[in-house]
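Enquirer: After the structure tokens below, expect a handful of questions from me.
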Amino acid sequence: MLKSDWKDMREFLDYITERGECVHIKEEVDPEWEVNGITREALQNMGPAIVFDKIKGADFPLVTGMIANDKRFLWAFGLDKWSDFNEEWVRRTKQLIPPKIVASGPCQEVFIEGKDIDVNKICNVKWHEYDAGPFPGTLSVSITKDPDTGLQNAGIYRMGTLAPNRLGWGAPEYTHGRQHYIKYERLGKPMPMAVITGYDPIVEIVSCTRTGPGVDEFHLAGALRGEPLEMVKCKTIDIEVPATSEFVFEGYIYPGSREPEGGFGEYTGYYGETRINPVFEITAITHRHNPIYLGTREQWYPSESALAVGRSSQAEAYKVLKTLVPGLLDLRCDVTYEAIAKIDKLFKGHPQQVIDAIWGSTYARYKHVIVVDKDIDIWDYDRVHWALSTRVLADRDVNILPRRAGQWLDPAIPLREKGWQSGLGIDATMPWEEYEFWGEKAPLTVDDPATVQKVRDKWGEKLNKIIDNK
Ligand SMILES: Cc1cc2nc3c(=O)[nH]c(=O)nc-3n(C[C@H](O)[C@H](O)[C@H](O)COP(=O)(O)O)c2cc1C
Ligand SMILES: [Mn+2]
């Protein structure tokens, strides 16, 4: 069961619906507050994906939370547990697979331009109480082309409505999309951009994966799918988009374009402030017949951002780190902003080398790094916390790295200092080598398996009954 070559979003929605993980709300709902409240309750309770069939004022249904719990996210890859995930990602992405360009695709069944463009009719949802207004762009993927290399980039950046054909573009300078725009601005040229939504879950996942520069996320998608993604050329701009997308917005960002955008409730669990951001001008829209819009409520874990950005970027980081440091067994990264590395400790200073590698070579900027020994289950925070409490001596094991580039939405940083962060690296491995050198020991109380075996042999089923208290 390793299916990941979803033909489109609809195939995946059918798959999760059959398994009780997607429901429809047929009643009309209010985009000002009702989608906010319902999606929040669904996320907080790890509930199903929800399709809102009728939103007041909008012409199309909206699906939310498509891969917002662990089960559905893993299903996108045909997997069922996290401990397999990083290795599977590495295995599948050894060789990237470029897309197949096809002559036509369902995403272009309907064409809209000029005065007929009105994003308010497509998605008008205010996801959080104090958002500046509707944000159709939560799971909207911005696709741009590097003017030097012709390589495409795909990234998800927040987009709020400024006018029926204009959306703010929340891509800060450290993102690849913005770096393309910086190049176009230097050339004094408008940047063509396509914004898509309503795609198969692998497209969502690669679009929020933090990769190194110069990686076309759709090549990564091909590798994860095990076969090329089919793409078509846009109608009015020189950009290729996944052929089965539900919606494609085509347009431009002009040099020097800047307007206030936001605030907006963010993946950190706090509101992100208003920013002066570039504006995307929509010149055409294409969509499928009976299209379904895709969005999500951003919030703290549990949420779609935590999984889609967190786990995918974790896997890319794991892949890069394996080539740099020995003994890395697993990695668990939280999108806000922690990496936990499990290692087979081989030498003094090994954990510090891992901490440096995570700070220096990953693109997600994990400001907090914890390194644990191979006996710690990193998928269980209780075990990690136990290691922190029993293996760390602060003046010996805590490393602080001052003044590094951080995330613009980190709420620990006040407005004036935004963009900076400092690193906290904790070596939570036991200094076994010191113990051994001096002939000392710190035996674990669970390290006498012979006793357990003896008890099991003598008590058998009776012991199970006692433990289960039945
Ligand atoms: C729902 C959602 C919203 C996001 N919004 C933003 C955003 O507003 N700005 C941002 O920089 N990243 C945002 N991200 C994360 C980026 O998609 C991610 O960092 C990705 O790697 C960016 O692509 P790039 O590395 O090609 O620039 C969002 C992710 C998700 C799932
Ligand atoms: Mn990128």
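Nothing in this text is a laboratory measurement; each read-out follows from the coordinates by a stated rule. Predicted, not measured: the structure shown is a model, and the values here were computed from it. Ideal geometry is used to build each Cβ from the backbone, glycine not excepted, and the neighbour counts take in all protein chains shown.
Enquirer: Below 13 angstrom from the Cβ of residue 150, what's the summed charge of the other residues (Lys, Arg +1; Asp, Glu -1)?
Expert: -3
Enquirer: How many angstrom lie between the Cα centre of segment 317-395 and the Cα centre of segment 86-117?
Expert: 34 Å
Enquirer: Here is a follow-up. In the structure displayed, which of 441/465; 189/233; 441/462 lie more than 25 Å apart, Cα to Cα? Provide the component values of the computation, followed by the final result.
Expert: Details: 441/465 35 Å; 189/233 21 Å; 441/462 35 Å.
With Cα atoms farther than 25 Å apart: 441/465; 441/462.
Enquirer: Among rounded, prolate and oblate, which fits segment 324-437 when a ≥ b ≥ c are the square roots of the eigenvalues of its C-alpha gyration tensor, a/c under 1.5 means rounded, and a/b larger than b/c means prolate? Walk me through the numbers on the way to the answer.
Expert: Working: a/c = 1.90, a/b = 1.83, b/c = 1.03.
Prolate is the answer for segment 324-437, as a/c is 1.5 or above and a/b outweighs b/c.
Enquirer: Now for a separate question. Which loop chymotrypsin sites (Phe, Trp or Tyr not before Pro) in segment 152-258, with loop taken from DSSP, have no more than 16 other Cβ atoms within 10 angstrom of their Cβ?
Expert: In loop regions of segment 152-258 (DSSP not H, G, I, E or B), the sparsely surrounded chymotrypsin sites (Phe, Trp or Tyr not before Pro) are 174.
Enquirer: Would you mind getting me the FRET efficiency between residue 455 and residue 389? Use the beta-carbon distance for r and R0 = 22 Å, nearest 0.05.
Expert: On the way: r = 28 Å, r/R0 = 1.29.
Efficiency, rounded to the nearest 0.05: 0.20.
Enquirer: Ordered by residue, what ³J(HN,Hα) values in Hz, to whole numbers, does segment 220-229 give under the Karplus form 6.51 cos²θ - 1.76 cosθ + 1.60, where θ = phi - 60° and Gly and Pro are x?
Expert: Once θ is set to phi - 60°, the couplings for segment 220-229 become 5, 4, x, 5, 5, 6, x, 7, x, 7 Hz.
Enquirer: Between segment 1-74 and segment 150-217, what is the C-alpha centre distance in whole Å?
Expert: Distance between centres, Cα-based: 24 Å.
Enquirer: Here's a follow-up. Mind checking segment 205-311 for GluC sites (Glu not before Pro) that DSSP puts in a loop (not H, G, I, E or B) and that have at most 15 other Cβ atoms within 10 Å?
Expert: Within segment 205-311, the qualifying GluC sites (Glu not before Pro) (loop, at most 15 other Cβ atoms within 10 Å) are 273.
Enquirer: With each pseudo-label sitting 7 Å past Cα toward Cβ, what's the residue 344-residue 95 distance in nm, one decimal?
Expert: Each label point is offset 7 Å from its Cα along the Cβ direction, giving 2.8 nm.
Enquirer: Another one. What translational diffusion coefficient, to the nearest whole µm²/s, does the chain have by Stokes-Einstein, given a Kirkwood radius computed over alpha-carbon pairs, a temperature of 10 °C and 1.306 mPa s viscosity?
Expert: 67 µm²/s
Enquirer: Taking the Cα of residue 59, stepping 7 Å toward and past its beta carbon, and measuring to each backbone N in segment 111-133: which are under 12 Å?
Expert: 111-123
Enquirer: Express in nm, to one decimal, how much length is gained between residue 352 and residue 149 on full extension, taking 0.36 nm for each residue of separation and deducting their alpha carbon distance. All intermediate terms of the calculation are to be shown ahead of the outcome.
Expert: Working: separation 203, 0.36 × 203 = 73.08 nm, distance 3.70 nm.
Here the segment from residue 352 to residue 149 would lengthen by 69.4 nm.
Enquirer: Another one. Add +1 for every Lys or Arg and -1 for every Asp or Glu among the other residues with Cβ under 12 Å from the Cβ of residue 431, and state the total.
Expert: -3
Enquirer: Restrict the search to segment 338-444; then list the GluC sites (Glu not before Pro) that DSSP places in a loop and that have at most 11 other Cβ atoms within 10 Å of their Cβ.
Expert: 440
Enquirer: Right, something else. At a Förster distance of 60 Å, what's the computed FRET efficiency of residue 235 paired with residue 446, Cβ-Cβ distance as r, to 0.05?
Expert: The value I calculate is 0.40.
Enquirer: Oh, and also: Within segment 49-71, list the residues whose amide N lies under 20 Å from a label point set 7 Å along Cα→Cβ of residue 23.
Expert: The answer is 49-56, 61-71.
Enquirer: Hey, another quick one. Using a 7 Å offset from the Cα along the Cα-to-Cβ direction at both residue 113 and residue 320, what is the distance between the two label points in nm, to one decimal?
Expert: If labels sit at residue 113 and residue 320, their model points lie 4.1 nm apart.
Enquirer: Considering the convex hull of the alpha carbon atoms of segment 25-129, report its projected area averaged over all viewing directions, in nm², one decimal.
Expert: 10.1 nm²
Enquirer: Find the relative contact order for the chain and round it to a whole percent, using C-alpha pairs within less than 8 Å whose residues are 6+ positions apart.
Expert: 15 percent
Enquirer: Moving to a separate point now. Evaluate the distance, in nm, between pseudo-label points positioned 7 Å from the Cα of residue 438 and of residue 417 along their respective Cα→Cβ axes.
Expert: 3.7 nm
Enquirer: Now for a different question. Report the Cα-based extents of segment 229-325 along its three principal axes, largest first, to the nearest Å.
Expert: Result, largest extent first: 46, 36, 32 Å.
Enquirer: Just to confirm a number: summing +1 for Lys and Arg and -1 for Asp and Glu over residues other than residue 420 whose beta-carbon lies under 13 angstrom from that of residue 420, what do you get?
Expert: Around residue 420, the surrounding residues sum to +4.
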